[in-house]
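Let me begin by presenting the structure, written as structure tokens, before commenting on it.
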Amino acid sequence: RAKAGGRGGWSFFDEEMDLELRKRRALEHDLKQAIAQGELELFFQPIVSLTHGRVAACEALLRWKHPERGYVSPAEFIPLAEETGTIGAIGEWVLRRACHEAVSWPSGVAVAVNVSAAQFRNAAVVRAVMEALTESGLPAYRLELEITESVLLTDNVATLATLHTLKRLGVRVAMDDFGTGYSSLSYLQSFPFDKIKIDQSFVRNLDITGNSRLIVRSVVGLGRSLGMTVTAEGIETEAQMEQLRLEGCDEAQGYLFSRPVPANAIHEQFERLRLKAA
Ligand code: C2E
Ligand code: MG
Ligand code: MG
Ligand code: MG
């Protein structure tokens, strides 16, 4: 502990850090029990085909309902789970739940699951994917794994081997948050992704700057040349959707179509979106 300065400023700062650390420890501890306590829930958000107007897939998005703190954002607890190693068990749970839900959907609808870099650090992810598919009976081509470039930053050779193994199973692989990292482009060179998801920051700026539109146009062209599906995330307005459609973007996801909803509410969304498209 830093010794108290003339006015005690340092020790105050110290106590604040102490409190932060204790809060974090408590959250880590709670997260370890979250699965067993039934506090985790998967929400699903439709991804709509801009060419057919149909729901092409739904992305599984994890929610943690903490008994005292209410809903904790995955942006907060996923990094915690990664650091503490809990992500392995959580990731397996997510894969199981997601595949289990998806078998009850129309057969043209795939399920997209986020897989984090920490899950790729051991080969258990392949076994987890195979088990989730076998147990649920979901065909592999209806499962899509979304990875961010942080996956490829770690231990490249082993990670690429794992990705290839997954692809051989028939699972599709998407690069999430495209355009936000350091070397998204170079990763396209090292692995045959099936899909790229344009990050929502580009979509948000579509209304504001002409550059975003040119960037979207280029990414669509790039995806097309490489034979990949191009999806845009975070569509909130009709105007954004129209621009993306004009630029030839294949799929769109965002609050304009639907917010992420609990599993038992997704069938209503299928109905509603089908009616809207007709
Ligand atoms: P992501 O995979 O890029 O997911 C998209 C995020 O954008 C989700 O946030 C979604 O709710 C949000 N979103 C969708 N449409 C819109 C829109 O129109 N406007 C705005 N402002 N936001 C929109 P969410 O659910 O908070 O998840 C945040 C991140 O947490 C995800 O980003 C993903 O990286 C991670 N995550 C979520 N679930 C899982 C999981 O099961 N496993 C792992 N490893 N990561 C997960
Ligand atoms: Mg995602
Ligand atoms: Mg994303
Ligand atoms: Mg993200």
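Which of the residues belonging to the range 28-54 are more than 16 Å from ligand 2 (Cβ to nearest atom) and either closer than 18 Å to residue 252 by Cβ or surrounded by 18 or more Cβ atoms within 10 Å (Cβ to Cβ) (or both)?
Listed by number, the residues that qualify are 30, 31, 34, 40, 49, 50, 51, 52, 53, 54.
Counting residues in the range 238-246 that are part of a helix (DSSP H, G or I) and under 13 Å from residue 45 (Cα atoms) gives zero. A residue that is surrounded by 14 or more Cβ atoms within 10 Å (Cβ to Cβ) and within 14 Å of ligand 2 (Cβ to nearest atom) can be found somewhere in the range 151-159. Look at residue 235 and say whether it is assigned to a loop (DSSP other than H, G, I, E, B) and surrounded by 13 or more Cβ atoms within 10 Å (Cβ to Cβ). Answer is yes for this residue.
If I ask for residues that are among the charged types (D, E, K, R) and in a loop (DSSP other than H, G, I, E, B), which ones from the range 140-194 would you list?
Restricting attention to the range 140-194, the residues satisfying the condition of being among the charged types (D, E, K, R) are 142, 144, 146, 149, 155, 167-168, 172, 176-177, 194.
Residues satisfying the conditions are 155, 194.
Taking interchain pairs and intrachain pairs at least six residues apart, which have beta carbon atoms under 7 angstrom, with the first residue in the range 52-65 and within 23 Å of residue 27 (Cα to Cα) and the second among the charged types (D, E, K, R) and not in a loop (DSSP other than H, G, I, E, B)? What qualifies is 63/41; 65/41.
Scanning the range 195-224 for residues that are assigned to a helix (DSSP H, G or I) and hydroxyl-bearing (Ser, Thr, Tyr) gives 201, 212, 218. If you check residue 134 against the conditions, is it free of Cβ contacts under 8 Å to residues at least 24 places away in the same chain, away from ligand 2 (no atom under 14 Å from the Cβ) and either among the β-branched types (Val, Ile, Thr) or surrounded by fewer than 20 Cβ atoms within 10 Å (Cβ to Cβ) (or both)? Yes. Pairs, please: C-beta under 6 Å, at least 6 apart or cross-chain, first residue more than 15 Å from ligand 3 (Cβ to nearest atom) and in the range 220-244, second of a type in the set (D, E, K, R)? What qualifies is 220/247; 228/195. For the range 73-102, taking the residues that are part of a helix (DSSP H, G or I) and more than 21 Å from residue 260 (Cα to Cα), the one that is farthest from ligand 2 (Cβ to nearest atom) is identified as 84.
Looking at the structure I just gave you, is residue 145 touching a residue at least 12 places away in the same chain (Cβ under 8 Å), hydrophobic (A, V, I, L, M, F, W, C) and surrounded by 20 or more Cβ atoms within 10 Å (Cβ to Cβ)?
Working: touching a residue at least 12 places away in the same chain (Cβ under 8 Å): yes; hydrophobic (A, V, I, L, M, F, W, C): yes; surrounded by 20 or more Cβ atoms within 10 Å (Cβ to Cβ): yes.
For residue 145, the condition - touching a residue at least 12 places away in the same chain (Cβ under 8 Å), hydrophobic (A, V, I, L, M, F, W, C) and surrounded by 20 or more Cβ atoms within 10 Å (Cβ to Cβ) - is met.
Mind listing just one residue for me: the one in the range 43-60 that is modelled with pLDDT of 95 or more and not aliphatic (A, V, I, L, M) and, of those, nearest to the chain's Cα centre (by Cα)? Checked the range 43-60; the qualifying residue nearest to the chain's Cα centre (by Cα) is 59.
Scanning the range 159-181 for residues that are among the small types (Gly, Ala, Ser) and closer than 18 Å to residue 130 by Cβ yields 161, 170. Evaluated against (1) farther than 18 Å from residue 45 by Cα; (2) touching a residue at least 40 places away in the same chain (Cβ under 8 Å); (3) assigned to a loop (DSSP other than H, G, I, E, B), residue 105 falls short on exactly one condition, (1).
The values are calculated or read from the model by the stated rules, or taken from the named source; none is laboratory data. Remember, predicted model here, so these are calculated numbers, not experimental data. Note that each Cβ is placed from the backbone with ideal geometry, even for glycine, and that neighbours are counted across all protein chains shown.
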